[in-house]
Amino acid sequence: MVIGSEPVQIADRKRTEASLFQSEEKYRDLINQAPTGIYEVDIQKARFISVNDVMCDYTGYTREEFLGLKPLDLFTKESKKLFIDTQQKIIHGNGVAEISEYMIKCKNGSEFWIMLNSNISYDQGSPKKITYVVHDITKLKCAEEEKKKLEEQLHKAQK
């Protein structure tokens, strides 16, 4: 044993721990300040791991309420089947686009359209978690619907 090396090792470990803590804080701040909803799901347990403030704002749930939900609780009846089918294809690597549109239910019962981007993390070759990035596209969908109605009216008027 070298005299004096133990305090150096302890100091190095404390610096490493402080650096890791700063890195984790920076990551949390980045996720919470992102201008979009973000949440993670443990694939094996089918439970939420984390959620950012924007996703809580979108849905009206507190962080604790959100993390207590099951992932499928967020989707409307119509969107659940599409979500399940799409996620199974993504998890099994069947070449499905990782960005999809769904209808989400809020705590107060209202609904809104989202564009959902999925990114799977693997551990030793098996899927471990999915990180979702959520964009509220309700205004875009409403504008598309209004455009479609106007085009139909124009087509009828031209007849």
**Message:** Being exposed (fewer than 12 other Cβ atoms within 10 Å of the Cβ) and not in a helix (DSSP H, G or I) narrows it down to one residue among Q44, Q22; which is it?
**Reply:** Q44
**Count of residues meeting criterion [under 25 Å from L140 (Cβ atoms), in contact (Cβ under 8 Å) with a residue 24 or more places away in the chain and of a type in the set (A, V, I, L, M, F, W, C)] in region 84-110** = 4
**Request:** Scan region 66-80 and give yes if some residue there is open to solvent by 60 Å² or more (accessible area, probe 1.4 Å) and over 16 Å from the mean Cα position of the chain (by Cα), otherwise no.
**Result:** yes
**Request:** For residues that are outside any strand (DSSP E or B), of a type outside the set (D, E) and either under 19 Å from V41 (Cβ atoms) or free of Cβ contacts under 8 Å to residues at least 24 places away in the same chain (or both), tally how many sit in region 111-159.
**Result:** 16
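The values are calculated or read from the model by the stated rules, or taken from the named source; none is laboratory data. These figures come from a predicted structure and were not determined experimentally. Methodologically, a virtual Cβ is constructed for each residue, glycine included, from the backbone with ideal geometry; neighbour enumeration extends over all protein chains shown. Heads up: the accessible areas ignore ligands, DNA and RNA and are worked out on the full protein's heavy atoms, side chains in. Shrake-Rupley method; radii C 1.70, N 1.55, O 1.52, S 1.80 Å.
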